[in-house]
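Remarks on the structure that follows.
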Amino acid sequence: MKIDRKRALFVLLSILCFFAVITNASGQSEFNPRALEYFKRSLECLIIGDYDNAILNCTVVLRFEPNSAVTYTIRARAYYEKGDMENAVADATRAISHDRNNISAYTIRGNAQARLGNTDRAIADWQAVLRIDSENTDARQNIDLARERREN
């Protein structure tokens, strides 16, 4: 089975999200134990491409943990992968409202905005990524491509 670079990075990011959610600085879980099980399922579904069940499991997590930026980000990604750009934008926006430094949420929202034809909004999100991580080559390339397309 061949996995492309972006997919491999996405899987790695998902695993890192899981560990970030399950432990705080003292090694204790901050998530409700029931929510944690659904969170784990949502990541598993997202990784294998079962986007409907990823969305469903994230929705359950958010009933327990309504301020979970990472859960909104994962659900936004599932909506994006499913082709539902409006809900991807909405959930990425919710994630950003809970974590202003959420690079993944800005990236997802920017990509979804671009697919919706909202070039200026997409560029603004990718610029937000660069304010957080000035060396993010994907954001820089996305901005350049969007500007190039807008000029043509």
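The values are calculated or read from the model by the stated rules, or taken from the named source; none is laboratory data. Everything numeric here is computed off the predicted structure, so don't read it as measured data. Here the Cβ positions follow ideal geometry from the backbone for every residue, glycine too, while neighbour counts run over all protein chains shown.
Quick check, is L36 over 25 Å from N136 (Cβ atoms) and at pLDDT 95 or above? Walk me through it before giving the result.
Details: over 25 Å from N136 (Cβ atoms): yes; at pLDDT 95 or above: no.
It is false that L36 is over 25 Å from N136 (Cβ atoms) and at pLDDT 95 or above.
Sort through I74, I96, I108 and tell me the only one that's crowded, with 20+ Cβ neighbours inside 10 Å, of a type outside the set (F, W, Y) and in contact with a Phe, Trp or Tyr (Cβ under 6 Å, 6 or more places away or on another chain). Lay out the reasoning, then the answer.
Numbers: I74 fails: in contact with a Phe, Trp or Tyr (Cβ under 6 Å, 6 or more places away or on another chain); I96 fails: in contact with a Phe, Trp or Tyr (Cβ under 6 Å, 6 or more places away or on another chain).
Answer to the selection: I108.
Within segment 33-55, which residues are of a type in the set (A, V, I, L, M, F, W, C) and surrounded by fewer than 17 Cβ atoms within 10 Å (Cβ to Cβ)?
Initially, segment 33-55 is screened for residues of a type in the set (A, V, I, L, M, F, W, C), giving 35-36, 39, 43, 45-48, 54-55.
Residues satisfying the conditions are I47, I48.
Do you know which residues across segment 131-147 are under 18 Å from N102 (Cβ atoms), among the hydrophobic types (A, V, I, L, M, F, W, C) and buried (at least 18 other Cβ atoms within 10 Å of the Cβ)? Quick ask: steps written out before the conclusion?
Quick first cut of segment 131-147, residues under 18 Å from N102 (Cβ atoms) only: 131-136, 138-139, 142.
Narrowing further to those that are among the hydrophobic types (A, V, I, L, M, F, W, C): 132, 139.
Listed by number, the list holds a single entry, A139.
Check segment 8-15 and report whether any residue there is in a helix (DSSP H, G or I), among the small types (G, A, S) and either in contact with a helix residue (DSSP H, G or I) (Cβ under 7 Å, 6 or more places away or on another chain) or modelled with pLDDT of 90 or more (or both).
Just the residues of segment 8-15 that are in a helix (DSSP H, G or I), to begin with: 8-15.
Narrowing further to those that are among the small types (G, A, S): 8, 14.
Next, from what is left, pick out any that are either in contact with a helix residue (DSSP H, G or I) (Cβ under 7 Å, 6 or more places away or on another chain) or modelled with pLDDT of 90 or more (or both): 14.
Scanning segment 8-15, I find at least one residue that is in a helix (DSSP H, G or I), among the small types (G, A, S) and either in contact with a helix residue (DSSP H, G or I) (Cβ under 7 Å, 6 or more places away or on another chain) or modelled with pLDDT of 90 or more (or both), so the answer is yes.
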